[in-house]
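Colleague: Quick one: this structure, given as structure tokens, is what I'll be asking you about.
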Protein chains: 4
Amino acid sequence: MIVLNFKTYIEATGRKALELARVCEEVSKDKGVSIIVCPQHADLAVIVGEVDIPVYAQHFDNIEPGSHTGWVLPEAVVEAGASGTLINHSEHRLSAADIEACVVKSKALGLVSIVCSNNVAVSKACAAFSPDYVAVEPPELIGSGVSVSEAQPEVVTGSVDAVKSVNDKVGVLCGAGVSTGDDLVKALDLGVEGVLLASGVVKAEDPKQALLDLVSGIL
Amino acid sequence: MIVLNFKTYIEATGRKALELARVCEEVSKDKGVSIIVCPQHADLAVIVGEVDIPVYAQHFDNIEPGSHTGWVLPEAVVEAGASGTLINHSEHRLSAADIEACVVKSKALGLVSIVCSNNVAVSKACAAFSPDYVAVEPPELIGSGVSVSEAQPEVVTGSVDAVKSVNDKVGVLCGAGVSTGDDLVKALDLGVEGVLLASGVVKAEDPKQALLDLVSGIL
Amino acid sequence: MIVLNFKTYIEATGRKALELARVCEEVSKDKGVSIIVCPQHADLAVIVGEVDIPVYAQHFDNIEPGSHTGWVLPEAVVEAGASGTLINHSEHRLSAADIEACVVKSKALGLVSIVCSNNVAVSKACAAFSPDYVAVEPPELIGSGVSVSEAQPEVVTGSVDAVKSVNDKVGVLCGAGVSTGDDLVKALDLGVEGVLLASGVVKAEDPKQALLDLVSGIL
Amino acid sequence: MIVLNFKTYIEATGRKALELARVCEEVSKDKGVSIIVCPQHADLAVIVGEVDIPVYAQHFDNIEPGSHTGWVLPEAVVEAGASGTLINHSEHRLSAADIEACVVKSKALGLVSIVCSNNVAVSKACAAFSPDYVAVEPPELIGSGVSVSEAQPEVVTGSVDAVKSVNDKVGVLCGAGVSTGDDLVKALDLGVEGVLLASGVVKAEDPKQALLDLVSGIL
């Protein structure tokens, strides 16, 4: 399971977001690997309408329908066709109370929930909310090109152990610096069920080749 | 000029947002009145593709393309087809520095900018940023059903005077509690170029009738 | 163990904060009950200098010494003489990552840490950070006059069980609506080691009498 | 008029904050120059009690007395003895509405108000709130050691002109990178009534000598 976060990269905005999602769909189908894309909110509906792989939101706000001009209503994400969401990405941290509420809302709305954490203790805490997945990403490695599975394997294995000790039904992903096939293989060897990545593919000169390299080790 | 803020009302989300935008388009064309709709980010692209009236964003973040998971890139709003944006709505206040930067970005990206203010002093301050419009809305009247043009006419005329004293090319709108044709006529009499409204139409039993009532006084 | 949060009540600001702290000291010594006071940052140093009961901060920010004008440096709280701190009060929520970092800083600086939570799931999550205490307070009951131990006993017992299941060295407090001796007895019966309270004493006509009533049930 | 912002530097926290304030008092009295110190909230009361120069807060929150655990009540700052306050420092930006409200509260409480801005347009906007002073500080020069009066004199003169065009009773200060006597002379030549500085003195090996150097050009 590969989750590709489009962030707010200009290479993954609007028309280019749709192109990138199509590349992901192509590689996913050709290689039989599960690839999930997380485009910006403004791009969700178009991508959902055009590609046939899971599309997740990057975030939604812990709000009820009503007077919240400019914020992201969970129901809007669902209506746009998202089937899951990231929660508490390190670039968009939420209070502990809001993370919990967003996981509850995700379940109520039928969205797969991936709660991001920054270290082993936070991974353990997030497991207490029983999301579908906890994704551990040490912030200092995000966008660094150095894979967490190489640089801090103990954070990955520690998160797997900590999460499973609280609730063994919660899956674990890892991210930060993941870009090559080797990185992915090492991550899976450390016990995770998938990876979360962004710049390694989105900002690659040839995103399709980057994705093919990434999945090459597990085919 | 009537600006309809869809907020995050469930009656203006997803499929229903598109229906409401179509009603606005119909009334706008039938009656020859300028109506602008401000749907949620996730609904922008679909509505732009389906209706032929101006569509504005409710907000964007003061960010550059890059690593800002879950935030709203101004370029994404433009790619989705928005031709303008609200800035600093009272439900999504920005720092003074960010308001200024968002007006600058709006100009660079060709977006019409409507900066919201909460009183005369803030209207005057916002005029210093030279947006296309300043929209004054006393927060305590928002959603109240009591029109600012009735309850606090001095805030409207004071804002018109204050804004024009700083930069007479900046237009002035008013909002908060506006819902009837009378409210609109009184607002225009106080010197504004249009109104910003939301619940009075969005949450009306018959939004089309509410819009027809609203514009009846100026036909 | 009774923790009295002074919040930003005018009855517990400046000179009046010192008076209230003296009342707490008097009751604590006369009755042999542990009472901890949490005044505002601006009042910490003076109260520490004048009373001989533990003084905790209401909050500090997750910052290092440096360029953070207007924020609360943990080292400043320590220099002012605080011996502990609340973390993540429902009126000042922190991200999960910041809660974890604040607990780590508290340990490094020798501060007793009380992490506030809003429900059982968040209590369990906070226990993963191994603070000295988790204090559960359903936000809707704060300041209500209806004690959590009466209105939602299952949140209290659920938090005790959840916290102990993660780390049995973490103490549990409860709060929200606690004001009478009965409330305190019921809370202790539910398994907590103490209570967190505010308005019931701070805003009482006679705070000393309110404190005496509170502790009457456990003498 | 020299305003020294202690920020959250460890060299200006607790006991060291008091020492630094005493140095400022000594230089102020010996040289007949107005020096104002802005320590952290936890240090306000002690410094006010020990030195005889004006002591300003670095910030307060736009809140009324009540349930705001961990935030900074304006009345608490006044009770601690502050006679003025910074508002909207670039490290603690406020919404336009909150800046306006904080200026109003400052006037009501008898506090001198210094509103910080980041460029000419924001200086002009802040003048609309009629604070006692607007202090312009380009964020990229803060802590740089390169003085705004040298690197961006047009931002200083532009702010003076813009502020005076809106309200000529509002004073103008400048800051960012100011550290030497030359920087100060140049700033005054550009039309400001004083400077706001921090690291140039606080982090100097010998703060007293740094202050003496600073004021040397204007004696």
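Here, each number is a calculation from the coordinates, and none is a lab measurement. All values reported here derive from a predicted model rather than from experimental measurement. Because the Cβ atoms are built from the backbone with ideal geometry, glycine has one as well, and the counts that use them run over all protein chains shown.
Colleague: Could you give me the percent of Cα pairs per 10 Å distance bin for the range B:1-125, shortest bin first, beginning at zero and ending with the bin that holds the maximum distance?
Modeller: Histogram of Cα-Cα distances, whole percents per bin: 13, 43, 33, 10, 0.
Colleague: Using a label point 7 Å beyond Cα on the Cα-Cβ vector, give me the inter-copy distances for D:Glu140 in nanometres, one decimal, shortest first.
Modeller: 2.8, 4.3, 5.1
Colleague: Considering all alpha-carbon pairs of chain C, what whole percent are spaced by more than 26 angstrom?
Modeller: When all Cα pairs of chain C are counted, 30 percent exceed 26 Å.
Colleague: Straight distance only, please: which lysines reach the Cα of C:Lys7 with their own Cα at less than 22 Å, same-chain residues fewer than 8 apart left out?
Modeller: C:Lys16, C:Lys203, C:Lys208, D:Lys105
Colleague: Please compute the average number of Cβ atoms from other chains found within 10 Å of each residue's Cβ in peptide A:165-176.
Modeller: Averaged over the peptide's residues, the number is 1.
Colleague: With a cut-off of 8 Å between alpha carbons and a minimum separation of six or more residues, what is the relative contact order of the range C:81-149 in percent?
Modeller: Result for the range C:81-149 is 30 percent.
Colleague: Under the definition of partner shielding as Cβ atoms of other protein chains within 10 Å of a residue Cβ, what is the mean value for peptide D:1-13?
Modeller: Whole-number average of other-chain Cβ neighbours for D:1-13 is 4.
Colleague: Turning to a different aspect of this structure: For q values of 0.07 Å⁻¹, compute log₁₀ I(q)/I(0) with the Debye formula on a Cα-only model of the protein assembly as shown, without solvent.
Modeller: -0.61
Colleague: Radius of gyration and Dmax for the range B:101-219's Cα atoms, expressed in Å?
Modeller: 14.2, 41
Colleague: Once you place label points 7 Å from the Cα toward the Cβ at D:Glu154 and D:Glu50, how far apart are they in nm?
Modeller: 4.6 nm
Colleague: Need one number: nm distance between label points at D:Glu140 and A:Glu64, each 7 Å from Cα along Cα→Cβ, rounded to one decimal.
Modeller: With each label placed 7 Å out from Cα toward Cβ, I get 4.6 nm.
Colleague: Follow-up. If each DSSP helix of 4+ residues adds -39,500 (n - 2.57) and the sum is divided by the residues in chain B, what number results at 222 nm, nearest 500 deg cm²/dmol?
Modeller: -12500 deg cm²/dmol, from helical runs alone.
Colleague: Give me, ordered by chain and number, the residues 5 or more places off C:Val3 or on other chains with an amide H under 5 Å from its own placed amide H.
Modeller: Placed amide hydrogens put C:Ile36, C:Val195, C:Leu196, C:Leu197 under 5 Å from C:Val3.
Colleague: Counting only C-alpha contacts under 8 Å and six or more residues apart, can you give the relative contact order of the range B:1-131 as a whole percent?
Modeller: Reported relative contact order: 18 percent.
Colleague: Next question, about the same structure. Over chain D, what is the relative contact order in percent, taking alpha-carbon pairs closer than 8 angstrom and at least six residues apart?
Modeller: Normalised by residue count, the contact order of chain D is 18 percent.
Colleague: Taking the Cα of D:Lys164, stepping 7 Å toward and past its beta carbon, and measuring to each backbone N in the range B:164-204: which are under 20 Å?
Modeller: From the range B:164-204, the list is B:166-167.
Colleague: Then there's this: Would you mind giving the mean number of other chain beta-carbons within 10 Å of the Cβ of each residue in A:114-123, as a whole number?
Modeller: The per-residue average across the peptide is 4.
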